[in-house]
1. Which one of A216, Y139, V90 is farthest out on the positive end of the charge dipole of the chain, using unit charges on Cβ (Lys, Arg +1; Asp, Glu -1) and the Cα centre as origin?
2. Gain in length, V243 to L171, computed as 0.36 nm per residue apart minus the alpha-carbon separation, to one decimal in nm?
3. Each residue of segment 105-119 in turn: what ³J(HN,Hα) in whole Hz from Karplus with 6.51, -1.76, 1.60 and θ = phi - 60°, glycine and Pro shown as x?
4. Sort I43, I95 so the one with the fewest other Cβ atoms within 10 Å of its own Cβ comes first.
5. Find the eigenvalues of the gyration tensor of the Cα atoms of segment 40-260, then list the square roots of 5 times those eigenvalues as equivalent ellipsoid semi-axes, largest first, in whole angstrom.
6. Considering only C-alpha atoms, what is the centroid distance from segment 213-261 to segment 25-47, in Å?
7. Order of F152, F34 from fewest to most other C-beta atoms within 10 Å?
8. Label L224 and E6 with points 7 Å out from Cα along Cα→Cβ: what is the distance between them in nm?
Amino acid sequence: MISWLEMIGARALKIVNDLGRAGMFFFWSVVGIFRPPYKLSPIIKQIYVIGATSFTVIFFTGAFVGMVLGLQGYHTLKMYGAEGALGSAVSLSLIRELGPVLTALMVTGRVGSAICAEVGIMRISEQIDALECMAIDPYRFLISPKFVASVFSLPLLTAIFNLVGIAGGYLVGVHLLGANEGAYLATMKSAVMMEDIWMCFAKSICFAVLIVWICADRGYWVHLNADGYGAEGVSRATTHAVVISSVAILVFDYVITSLML
């Protein structure tokens, strides 16, 4: 009984310690954004890595998600004689929910895992220790540019996802299934409000922070994990980072939706 309680207590202390360390990691990373000297080249490089290289996967994902929404939405609305509302159904589904969430999940799988692996390898190869020995702030040098680039890139990727998805729904619903073109565009224009767009961008900014925070934190402290060191530790940390980031995105999606609706 005592050993069982000790195990629960040790686990609880570890969770609290990890949360406190993650909070300090986030604090010093944000402070690093405003700490001179200010350099644009690291941020531009990270914008390319996070944003530009993710364009293709976001484009095709958005296109096929929009096409599926157009296909399913048309047949569902046709049962009730409301296929004219296809434009509003596709656009609201993408802008409010599917656009920011699926974009964030795709970026997590593609970029978040790479961030965790990169920072983790730098930690186990003692490159981060070398930066500290040279009096270079590793937060400002490594992590802060990723935060800025992610907050800049993810809303743009989400906008691309939404636009391509709406076009995909239009292509399938209007040109393939024969829905009325004017009704598709008119219902979309009347249904989408500025509040929906603000919700979309608020979600994408929040998800951008979560992705970099969780993935970089797991890689930065990989040497403290008791379940493996070296290549094994980095691989497990990367897996955990992607899983935790994905779950956090879904949780915060509900929180933001409940607050802004």
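Coordinate-derived values only; no laboratory data. Just so it is clear, the model here is predicted, and its values are computed rather than measured. Here the Cβ is made from the backbone with ideal geometry for all residues, glycine too, and neighbour counts use every protein chain on show.
1. So the residue we want is Y139.
2. Gain on stretching V243 to L171: 22.5 nm.
3. 5, 5, 5, 4, x, 8, 9, x, 5, 5, 4, 4, 5, 4, 5
4. I43, I95
5. Values: eigenvalues 322, 50, 40 Å².
Each semi-axis is the square root of five times an eigenvalue, giving 40, 16, 14 Å.
6. Taking the Cα centre of each part, segment 213-261 and segment 25-47 sit 21 Å apart.
7. F34, F152
8. Taking the simple label geometry, L224 and E6 are separated by 2.3 nm.
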